[in-house]
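Asks: Can you read through this structure? Questions will come right after.
The values are calculated or read from the model by the stated rules, or taken from the named source; none is laboratory data. Just so it is clear, the structure is predicted and the values come from calculations on it, not from any experiment. Cβ placement follows ideal geometry from the backbone for every residue including glycine, while neighbour counts extend to all protein chains displayed. Side chains are part of the model used for accessible areas, which takes the heavy atoms of the whole protein and leaves out ligands, DNA and RNA. Shrake-Rupley method; radii C 1.70, N 1.55, O 1.52, S 1.80 Å.
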Amino acid sequence: MASSSESQSQSKPLQDRVAIVTGSSRGIGREIALHLASLGARLVVNYTSNSAQADSVAAQINAGSATTTPRAVVVQADVSDPAQVKSLFDSAERAFDSPIHILVNSAGVIDGTYPSVADTTVESFDRTFAVNARGAFACAREAANRLKRGGGGRIILLTTSQVVALRPGYGAYAASKAAVEAMVKILAKELKGTQITANCVAPGPIATEMFFEGKTEEVVNRIVQESPLGRLGETKDVAPVVGFLATDASEWVNGQIVRVNGGYI
């Protein structure tokens, strides 16, 4: 007869499924990785430049494991480079000797000077689209070809509520994410017959390093005042929504943009 701890382990909704979370060394991606691990998933923690933060996330996940076998590994990859994205998926399959079930693309950049379109440099525009649009494409393309078929396959791409808020200063950023939202709706249709679903999660203002970059206290306070709930979002507000979309319970949610913004827009 199984012990209670064993039966609890067996009943976790993502038990032993393999999830790649890009940009998961900090911010929303970090919280998503920790949450998916709490649901039983085995994690690939991806980062671009900060290995120490990524190692910390993996260590936190592995510290909570009852076995000596790692539940999380760390893999460096720049999502804007399709060759590195392929290598990321190769590393995930090797690390866990398993097909990959879940891709969450949380890697993203923003120009913290919030330039108007008239003042946006070509270099800033290209960098924003390279990571946010091309990176999402590279990850989604790899996932469409390699995720487990027949059930449990999930593609979840992080975008932004700025796609509908359309605030000045977010021209290139919102455009880069709007491209991803259009692509995911088509991708969901193209994956017909695989039982892989594809959705976007589009947070509003969330209290992360990326959000606070370049913003004065006055700007932050104004955003808080605009929220019907009178606060900034937190990473823990977003992770459970991604968690739901990663589970079998979400199967009928497909080709959708889920805005998680507290009523901001």
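Asks: Between rounded, prolate and oblate, where does the range 152-265 land on the alpha carbon gyration tensor, with a ≥ b ≥ c its root eigenvalues, rounded for a/c under 1.5, else prolate if a/b exceeds b/c?
Replies: Verdict is prolate for the range 152-265.
Asks: Also, I was wondering about something else. Restricting to Cα atoms and excluding each atom paired with itself, what does the Kirkwood estimate give for the range 11-154 in Å?
Replies: 15.6
Asks: Using the alpha-carbon centroid of each, what span in Å lies between the range 28-80 and the range 187-260?
Replies: Here the answer is 20 Å between Cα centres.
Asks: A follow-up question, please. Quick check: residue separation of Arg149 and Gln60 times 0.36 nm, minus the Cα distance between them. What number comes out in nm?
Replies: So the chain would gain 29.0 nm between Arg149 and Gln60.
Asks: Another question, then. Once you place label points 7 Å from the Cα toward the Cβ at Glu251 and Arg222, how far apart are they in nm?
Replies: Placing both labels 7 Å beyond Cα along the Cβ direction yields 4.8 nm.
Asks: Ignoring ligands, DNA and RNA, what percent of the accessible area of the chain is carbon or sulfur (1.4 Å)?
Replies: That fraction is 53 percent.
Asks: Taking 0.36 nm per residue of sequence separation and subtracting the Cα-Cα distance, how much length would be gained by fully extending the chain between Thr69 and Lys189, in nm to one decimal?
Replies: Taking 0.36 nm per residue and subtracting the Cα distance, the gain is 39.5 nm.
Asks: Counting each pair of different Cα atoms once, what's the Kirkwood radius of the range 18-81 in Å, rounded to one decimal?
Replies: Mean inverse Cα-Cα distance, inverted, gives 11.3 Å.
Asks: Note the count of lysine pairs whose C-alpha atoms are less than 19 angstrom apart in the range 18-259, limited to pairs 8 or more residues apart or on different chains.
Replies: Here the count comes out as 4.
Asks: Related question: Return P(r) of the range 63-132 (all Cα-Cα pairs; 10 Å bins starting at 0; whole %; ordered from short to long distances).
Replies: Over the range 63-132, the share of Cα pairs per 10 Å bin runs 16, 35, 24, 16, 8, 1 percent.
Asks: While we're looking at this one, here's another question. Please list, in order, the residues from the range 228-246 whose amide nitrogen is less than 16 Å from a point placed 7 Å along the Cα→Cβ vector of Ala207.
Replies: 228-239, by backbone N distance to the label point.
Asks: Put a dot 7 Å past each Cα toward the Cβ at Asp126 and Lys12; how far apart are the dots in nm?
Replies: 4.4
Asks: Could I ask something else about it? Write down the accessible area per residue of the chain in Å², having rolled a 1.4 Å probe over the full set of protein chains.
Replies: Per-residue accessible area for the chain comes out at 47 Å².
Asks: What are the ³J(HN,Hα) values, in whole Hz, obtained from phi via the Karplus relation 6.51 cos²θ - 1.76 cosθ + 1.60 with θ = phi - 60°, for each residue of the range 157-172 in sequence order, with x given for Gly and Pro?
Replies: Calculated HN-Hα couplings, in order: 10, 7, 10, 7, 6, 5, 4, 10, 5, 6, 7, x, x, 10, x, 5 Hz.
Asks: Could you give the radius of gyration (one decimal) and Dmax (whole number) of the Cα atoms in the range 18-259, in Å?
Replies: Reported Rg and Dmax, both Å: 17.3, 55.
Asks: Kindly list the residues of the range 167-200 that lie in the label zone of Ser116, defined by a backbone N under 12 Å from the point 7 Å along the Cα-to-C-beta vector.
Replies: 168-169
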